[in-house]
1. For Leu125, only one of the following conditions fails: (1) part of a loop (DSSP other than H, G, I, E, B); (2) crowded, with 20+ Cβ neighbours inside 10 Å. What is its number?
2. Yes or no: the range 236-245 includes at least one residue that is aliphatic (A, V, I, L, M) and over 30 Å from Ser175 (Cα atoms).
3. Evaluate the following for Pro176: is it over 16 Å from Ser253 (Cα atoms) and either β-branched (Val, Ile, Thr) or surrounded by fewer than 18 Cβ atoms within 10 Å (Cβ to Cβ) (or both)?
4. Counting only residues that are more than 16 Å from Leu204 (Cα to Cα) and surrounded by 15 or more Cβ atoms within 10 Å (Cβ to Cβ), which one in the range 128-146 is nearest to the chain's Cα centre (by Cα)?
5. Do we have Glu71 as of a type in the set (Asp, Glu), more than 18 Å from Arg351 (Cβ to Cβ) and modelled with pLDDT under 90 here?
6. Those residues that are closer than 23 Å to Leu249 by Cβ and touching a residue at least 24 places away in the same chain (Cβ under 8 Å), I need them from the range 134-153; list them, please.
7. With the requirement that a residue be of a type in the set (Asp, Glu) and closer than 17 Å to Ile6 by Cβ, what does the range 77-104 give you?
Amino acid sequence: MLVTAIEARPLRSLERVRVPLGPGITSVVGPNGVGKTNLVEALYFALTGRSFRTSDRRDLIPFGGSLARAEVTVRDADGIERRLLASVSRTEGRRHLLDGSPADPATIARSRPPVAVFAPDRLSLVKGPPAERRAHLDGFLAARWPARGELRKRFGQALAQRNAMVARVAAGFGSPDGLDVWDAGVADAAAPLIAARGEAVAELAPAFAAALAELGLEGGALAYAPRADGDAAAIRVGLRERRDADLKLGRSSWGPHLDEVKLSVDGRALRKYGSQGQQRAALLALLFAEREALLAARRVTPLLLLDDVMSELDPGRRERLVARFGAGGQTLITAADEESLPAAARVSMVRMPSPGVVAASGDSGAEAA
């Protein structure tokens, strides 16, 4: 599945830009301040309906404007093209359309490639709270095993129902014994999610360690640390044992909604003890591990969006980084300096305009090299 073009009309500093994309590596080159990161964000927004930089989509609207909009063209293995459009308006809210019509998230996800982003803003995946790592892992689960794509949603619904009942009982409405049925619902949804997460991390861990070593960090490890473990029956017992504590808190205090995904080097958590460079390397290694797993499983290969990835790598690591993309798939790299890119990353280039120039010349959006 290939993204053949991205259009931003407008989005942040991009007034009207259209960039064609091909297979393999496309490098977007230009001085700081011309909107390279905004272009990456536009591509992510068009595909997913979200931003990787902000939780408020209205931040994408240009200053003084009322609308942000991005559109991509996606071609599948049979040559069929689909168009995805994402927009956000101050007056009408947000939209995510497939071929001009509203579509549910599952249908849209099947019509686009998975997308993985490396950007300085994404370092929170390594150094931020566990919730971000859980959500990221569950996204990989859905891409790796599509039949398991609903596990996270199913557990979330069961947890919300139990939390609502815990709050009612804590407020004096109902008996604690009435929680038995809700414990069973949570346990039945939790067990397959925990098992799937464990299987995913076990598959990713060797490739993560190898990629991290290639980037100069030996002793890297990826591990899953579930709060609850075992089959549904064992989880039901655990929930009942913690019922008094849950009633005091007014919510469920134990389960896969509190799990951790640990990234470490030599047993030291990168979240707490890793330098900025080590955390950048860990994020790259995680994305590479996921890409390799999907390639090996012959799933749709993720589109990699690598923003300013070369700036803290020496020439040897830059070469090894680019060589990893030779196995297939599609990658977009941004760089301020063409000379920082290995030769293989300069075959297909797009040059962004000079600082202050936000409107594209002609209909192509940016100059293609």
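1. Against the list (1) part of a loop (DSSP other than H, G, I, E, B); (2) crowded, with 20+ Cβ neighbours inside 10 Å, Leu125 comes up short only on (1).
2. Within the range 236-245, the first condition is being aliphatic (A, V, I, L, M), and the residues that meet it are 237, 239, 245.
Then keep just the ones that are over 30 Å from Ser175 (Cα atoms); that gives none.
Checked the range 236-245: no residue is aliphatic (A, V, I, L, M) and over 30 Å from Ser175 (Cα atoms).
3. Numbers: over 16 Å from Ser253 (Cα atoms): no; either β-branched (Val, Ile, Thr) or surrounded by fewer than 18 Cβ atoms within 10 Å (Cβ to Cβ) (or both): yes.
No, not satisfied.
4. Initial filter on the range 128-146 (more than 16 Å from Leu204 (Cα to Cα)): 128-132, 146.
Filter again for surrounded by 15 or more Cβ atoms within 10 Å (Cβ to Cβ), leaving 130, 132.
Numbers: Pro130: 14, Glu132: 9 Å.
Looking at residues that are more than 16 Å from Leu204 (Cα to Cα) and surrounded by 15 or more Cβ atoms within 10 Å (Cβ to Cβ), I get Glu132.
5. Numbers: of a type in the set (Asp, Glu): yes; more than 18 Å from Arg351 (Cβ to Cβ): yes; modelled with pLDDT under 90: no.
No; evaluated as a whole, the condition is false for this residue.
6. Kept after step one, since they are closer than 23 Å to Leu249 by Cβ, are these residues of the range 134-153: 134-135, 152.
Arg134, Arg152, listed by residue number.
7. Kept after step one, since they are of a type in the set (Asp, Glu), are these residues of the range 77-104: 78, 81, 92, 99, 104.
Within the range 77-104, Glu81, Asp99 qualify.
A quick yes/no check of all residues on (1) of a type outside the set (S, T, N, Q); (2) touching a helix residue (DSSP H, G or I) at 6+ places or on another chain (Cβ under 8 Å); (3) not assigned by TED's automatic domain parsing to the domain that holds Gln276:
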| site | (1), (2), (3) |
| --- | --- |
| Ser27 | no, yes, yes |
| Gly30 | yes, yes, yes |
| Ser55 | no, no, yes |
| Arg58 | yes, no, yes |
| Ser66 | no, no, yes |
| Ser89 | no, no, yes |
| Gly100 | yes, no, yes |
| Leu123 | yes, yes, yes |
| Leu141 | yes, yes, no |
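The values are calculated or read from the model by the stated rules, or taken from the named source; none is laboratory data. Just so it is clear, the structure is predicted and the values come from calculations on it, not from any experiment. For neighbour counting, all protein chains shown are included, and Cβ atoms are generated from backbone atoms with ideal geometry for every residue, glycine included.
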